[in-house]
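Participant: The structure's right below; bear with me while I get my questions together.
The values are calculated or read from the model by the stated rules, or taken from the named source; none is laboratory data. On a predicted model such as this, the values are computed, not experimentally measured, just so you know. As a convention, Cβ positions derive from the backbone with ideal geometry for all residues, glycine included, and neighbour counts pool all protein chains shown. SASA here: full protein model, heavy atoms, side chains in, ligands and nucleic acids out. Shrake-Rupley method; radii C 1.70, N 1.55, O 1.52, S 1.80 Å.
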Amino acid sequence: MSASLATRRTLAGLLAAGALIGAAAAPAAADDHRRDHRGPYPHSSVVIGDVENAGRGRDNRALNSEWVEVKNTGRHSVDLRGFTLTDKQGNRYRFNGFRLDGRSSVKVHTGHGRDTRHDVYQDRRHQIWDERDTATLRDNRGNVIDTESWGRRGHHHHR
């Protein structure tokens, strides 16, 4: 009889532990489910944020007033070394050894400037983001992570 009681206690303990583990796993599962609804590129916390393509003119101030924001929506920093940002015409900006902190962003400006944690510069002499264009962000293996299109029908975001 006491062996059966001990077995029941052990079983009750295991069931309680399983319930706790199940409860702890539930928020993570819900999080994963939400991430799947981001679209065709669910594997990355790095996404394209805002886009400003209003820069008109060829002086450096006008070129730097057009930019594409790259955001890290995750909690952990991400090394963007080798990540690229391209336009529809194939103009490409490549990140070199840039670490983007968790829950922060960097603006990729077209003109010349000194790179900081929140602003980097393509050092171009001509505007590249047209009134109708698409920005494509790829990881260091060339996989598309996110795209943002704008133009006649407004902004169109693919994640």
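Participant: For region 51-106, max minus min Cα coordinate along each principal axis, in Å, sorted largest first?
Facilitator: That works out to 38, 21, 18 Å along the principal axes.
Participant: Please arrange Glu69, Glu52, Glu131 by accessible surface area, largest first, computed with a 1.4 Å probe and ligands excluded.
Facilitator: Listed by decreasing accessible area, they come as Glu131, Glu52, Glu69.
Participant: Could you let me know the centre-to-centre spacing of region 55-89 and region 101-142, using Cα atoms, in angstrom?
Facilitator: Cα centres, region 55-89 to region 101-142: 2 Å.
Participant: Per-residue HN-Hα couplings for region 143-151, Karplus 6.51 cos²θ - 1.76 cosθ + 1.60 at θ = phi - 60°, whole Hz, x for Gly and Pro?
Facilitator: In residue order, the calculated couplings are 6, 5, 9, 7, 9, 9, 10, 9, x Hz.
Participant: With each pseudo-label sitting 7 Å past Cα toward Cβ, what's the Arg56-Asn91 distance in nm, one decimal?
Facilitator: Each label point lies 7 Å from its Cα, and together they span 1.7 nm.
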